[in-house]
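Participant: Handing you this structure, nothing more for now.
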Amino acid sequence: QVQLVESGGGLVQAGGSLRLSCAASGRTSSNYAKGWFRQAPGKEREFVAAINWSGGSTYYADSVKGRFTISRDNAKNTVYLQMNSLKPEDTAVYYCAQGWRLGLPTTVSEYDYWGQGTQVTVSS
């Protein structure tokens with residue numbers, strides 16, 4: 001089993017920044033890709049960013065490219081999402097997840113462990 005715990009969410013004004021953290025514990029969590037997803041009220045969960053096991057490769061949704069940065073510290077079993085230039089449309093619950101396949105998975109079905117989520121609210 002793998003446990004994922006997100007933190008760092010909150011309320012921020014448009015144009016501001018937040019850094020989300022995802023602490024992982026359990027079986028060999030550093031060997032798998034990690035991803036961030038988000039879900040706004042009434043919408044489906046959507047892919048935000050992914051990072052491979054080493055941190056050497058990353059992939060972003062077009063909506064956040066150039067504003068968000070995903071990174072990982074395997075020594076701390078932690079993944080981060082630095083969010084800059086936040087917009088009201090970034091408001092959502094953000095989830096950390098661990099993938100089950102190699103590479104950079106981008107769909108919900110390619111992840112098998114999920115955190116409980118952390119709320120990010122961007123005011124205009």
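Participant: May I ask you to verify whether Gly35 is surrounded by fewer than 17 Cβ atoms within 10 Å (Cβ to Cβ) and not hydroxyl-bearing (Ser, Thr, Tyr)?
Facilitator: no
Participant: Would you confirm whether or not the stretch 16-26 contains a residue that is among the basic types (Lys, Arg) and more than 23 Å from Ser124 (Cβ to Cβ)?
Facilitator: no
Participant: Same structure, new question: Give the stretch 93-117 a look and list any residue that's of a type in the set (S, T, N, Q) and not in a helix (DSSP H, G or I), or say none.
Facilitator: First pass over the stretch 93-117, keeping only residues of a type in the set (S, T, N, Q): 98, 106-107, 109, 116.
Once the filter is applied, which keeps residues that are of a type in the set (S, T, N, Q) and not in a helix (DSSP H, G or I), the stretch 93-117 yields Gln98, Thr106, Thr107, Gln116.
Participant: So Val79 clears everything in (1) under 18 Å from Gln3 (Cβ atoms); (2) touching a residue at least 60 places away in the same chain (Cβ under 8 Å); (3) in contact with a Leu (Cβ under 9 Å, 6 or more places away or on another chain); (4) surrounded by 17 or more Cβ atoms within 10 Å (Cβ to Cβ) except one condition, right? Which one?
Facilitator: Here Val79 clears every test but (2).
Participant: Check whether at least one residue in the stretch 101-108 is under 12 Å from the mean Cα position of the chain (by Cα) and either surrounded by 20 or more Cβ atoms within 10 Å (Cβ to Cβ) or within 17 Å of Gln13 (Cα to Cα) (or both), and report yes or no.
Facilitator: no
Participant: Among the residues of the stretch 5-32, count how many are in contact with a Gly (Cβ under 7 Å, 6 or more places away or on another chain) and either modelled with pLDDT under 95 or basic (Lys, Arg) (or both).
Facilitator: 2
Participant: Out of (1) in contact (Cβ under 8 Å) with a residue 40 or more places away in the chain; (2) touching a Phe, Trp or Tyr at 6+ places or on another chain (Cβ under 6 Å); (3) open to solvent by 20 Å² or more (accessible area, probe 1.4 Å), the odd one out for Ala40 is which?
Facilitator: Status for Ala40: all satisfied but (2).
Participant: Before we move on, is Leu81 in contact with a Phe, Trp or Tyr (Cβ under 8 Å, 6 or more places away or on another chain) and more than 20 Å from Val12 (Cα to Cα)?
Facilitator: Spelling it out, it is not the case that Leu81 is in contact with a Phe, Trp or Tyr (Cβ under 8 Å, 6 or more places away or on another chain) and more than 20 Å from Val12 (Cα to Cα).
Participant: Still on this structure, I have one more. Restricting attention to strands (runs of 3 or more DSSP E) lying wholly within the stretch 4-61, give those where 1 or more residues are within 11 Å of the chain's Cα centre (by Cα).
Facilitator: Once the strands (runs of 3 or more DSSP E) in the stretch 4-61 are filtered for at least 1 residues that are within 11 Å of the chain's Cα centre (by Cα), what remains is 18-26, 34-39, 46-51, 58-60.
Participant: Mind checking whether some residue in the stretch 58-65 is exposed (fewer than 15 other Cβ atoms within 10 Å of the Cβ), aromatic (Phe, Trp, Tyr) and in contact (Cβ under 8 Å) with a residue 40 or more places away in the chain?
Facilitator: no
The values are calculated or read from the model by the stated rules, or taken from the named source; none is laboratory data. Here the structure is a predicted model, which means the values were calculated and not measured. Ideal geometry is used to build each Cβ from the backbone, glycine not excepted, and the neighbour counts take in all protein chains shown. Areas reflect the complete protein model, heavy atoms only, side chains present, ligands, DNA and RNA absent. Shrake-Rupley method; radii C 1.70, N 1.55, O 1.52, S 1.80 Å.
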